[in-house]
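J.: Encoded as structure tokens, here's the structure I'll be asking about.
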Amino acid sequence: MDLITISAITGVAALVLGIIVGKLIFAKNTRKKVEEAELQSQSILREAELRAETIRKEKELEAKEKAVQMKSAHEREVNDRNRKINDSENRIRQKEQTINQKEGGLEKQIKENEAIKEHLNRQIELVNIKRTELEKHQEEHIRRLEKIAGLSADEAKAQLVESLKNEAQTQAIGIQQEIIDDAKQKANKEARKIIIQTIQRTAAEQAIENSITVFNLESDEIKGQIIGREGRNIRALEAATGVDLIVDDTPEAILLSCFDPLRREIARLSLQRLVADGRIHPARIEEIVEKTRKQIEEQVMEHGERAVIELGIHGLHKELVRMIGRMRFRSSYGQNLLMHSRETANLCATMAAELGLNPKLAKRAGLLHDIGKVPDEESELSHALLGAKLAEKYGENPAVVNAIGAHHDEMEMQYVISPIVQACDAISGARPGARREIMQQYLQRIKDLENLAMAYTGVEKAYAIQAGRELRVIVEADKVTDQDSEKLSFEIAQKIQTEMTFPGQIKVTVIREKRTVNVAR
């Protein structure tokens, strides 16, 4: 055998021997560990048994303590419940005793009520018997009275009721008249006081508007230029302005005559420009008149704005402001319309303040109350209704609209400021020197007043006195009673308001006088 083979066999043998030796050593170590593990496990088991015994004893003690506590709590709960049950039983027992006592009292009361009821039934029967007997006696008495008086009971009753009714009506009328007279006296006294204070606190400036304007010239030579060849210039000026030019012997003056102040102002300014320019012919006249008319429109807006600012009124529509400016060139019975409206506005504000009302709203209504007199287009409506329509169109307050429409009683007054505007309008127009009338118109109005009163039945005479401010009506005492006199005065006043136009107010006085005349011979 060679050396390699021997070496290989030796190695294999050594390997086998090493494996066997390793297994023996491993087995010995494993056995030793197993023994140690068994000893350790036995020690753990003994400790676990001791701990379990300790825990068991602790749990038993805890369970006993808990059982004792639960038993105590249960006993307390049972005791509380028993106490409550005993209390409830005691209350129930007391209630039963009370109910038993009440039942006894009720039974006793029922018996008493039954006795009272029986007694009342007997009394009712006696009353019915007495009533029947009384009715029989009354019927017999009524028959005797009817036989004596010759009237039935119904007729007598009707006469008695009618007599009492007339007496009560007479007394009621007397009391009503006393109340009305007292109220009128107090109302008139308070109204006069407020009106006097209002008038005293308002400074009035009166100026009568004339229908003629005098245009002064530097020399009479200019008259010829104004007249023109064969009068063509003056005819062109009259046609363009609608104003009559009166050229007479008055030195250095021409008269402009027209009822419309706006037209007269346009003619005056146009003539002033033509004279200053020196070129006076029909074409130039038409041009100047048109320019002047536009200038007047601007002035109208300025007058309106100035009046609104001076009165402290805000928020008016531009068209209303323009209409207020046009009032500057309008007049009513010779009184300038803008001055009249401004005065009415101030009077309304003062009177509203005295009465504790809104002075700004009253002032607004007073300023706008106559805007129906300056419309852009002609209308069939009266100036009051037209003014109310315009104010409503431009968004004015309903109270202002009603005050405008009702200041001549053409619309029902629905707000407190409406009679204030009516009164202040009359105050402004009735001031001495505020207005003027043509004599024929004045005489005709006086005659119409008297004829209106004479148309009523029972009127003997009628006189318009105090320049038409008062109408005195004398009636026949045999045909008109005192009550009819009051009714007649009211009806005449209402008819004057609806059928006649007049400045200020008219007082209607009905006089009834009973005269008895005998002649001794």
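J.: Among the residues of region 304-317, count how many are closer than 16 Å to T344 by Cα and open to solvent by less than 90 Å² (accessible area, probe 1.4 Å).
T.: So the count comes out to 6.
J.: Looking only at region 462-480, how many residues end up being over 23 Å from Q422 (Cβ atoms) and either part of a loop (DSSP other than H, G, I, E, B) or touching a Pro at 6+ places or on another chain (Cβ under 8 Å) (or both)?
T.: Number of matching residues: 5.
J.: When the residues of region 221-251 are filtered to those that are of a type in the set (S, T, N, Q) and open to solvent by 20 Å² or more (accessible area, probe 1.4 Å), which remaining residue is nearest to I285 (Cα to Cα)?
T.: That would be Q225.
J.: A further question follows. Taking the condition small (G, A, S), touching a residue at least 40 places away in the same chain (Cβ under 8 Å) and either outside any loop (DSSP other than H, G, I, E, B) or on the phi < 0 side of the Ramachandran plot (or both), does A239 pass? Even if it seems obvious, please write down each step before you answer.
T.: On the way: small (G, A, S): yes; touching a residue at least 40 places away in the same chain (Cβ under 8 Å): no; either outside any loop (DSSP other than H, G, I, E, B) or on the phi < 0 side of the Ramachandran plot (or both): yes.
Spelling it out, it is not the case that A239 is small (G, A, S), touching a residue at least 40 places away in the same chain (Cβ under 8 Å) and either outside any loop (DSSP other than H, G, I, E, B) or on the phi < 0 side of the Ramachandran plot (or both).
J.: Also, quick follow-up: Report, by residue number, each residue of region 461-508 that is hydroxyl-bearing (S, T, Y) and surrounded by 13 or more Cβ atoms within 10 Å (Cβ to Cβ).
T.: Y463, T481, S485, S489
J.: A follow-up question, please. Go through region 481-505 and report how many residues are assigned to a loop (DSSP other than H, G, I, E, B) and at pLDDT 85 or above.
T.: 1
J.: Would you check which residues across region 288-303 are surrounded by fewer than 16 Cβ atoms within 10 Å (Cβ to Cβ) and among the charged types (D, E, K, R) and list them?
T.: Passing the criteria: E290, K291, K294, E297, E298, E302.
J.: Counting just the residues of region 362-378 that are surrounded by fewer than 22 Cβ atoms within 10 Å (Cβ to Cβ) and touching a helix residue (DSSP H, G or I) at 6+ places or on another chain (Cβ under 9 Å), which one comes out nearest to I420 (Cα to Cα)?
T.: Restricting to residues being surrounded by fewer than 22 Cβ atoms within 10 Å (Cβ to Cβ) and touching a helix residue (DSSP H, G or I) at 6+ places or on another chain (Cβ under 9 Å), the top hit is K373.
J.: Here's a check for you: in region 318-339, which residue that is open to solvent by 40 Å² or more (accessible area, probe 1.4 Å) and in a helix (DSSP H, G or I) is modelled with the lowest pLDDT?
T.: Going through the qualifying residues, I end up with R328.
The values are calculated or read from the model by the stated rules, or taken from the named source; none is laboratory data. The model shown is predicted, which means the values in this text are computed figures rather than measured ones. Virtual Cβ from ideal backbone geometry, glycine too; neighbours counted across all protein chains shown. Only protein heavy atoms, including side chains, enter the accessible area calculation; ligands, DNA and RNA are left aside. Shrake-Rupley method; radii C 1.70, N 1.55, O 1.52, S 1.80 Å.
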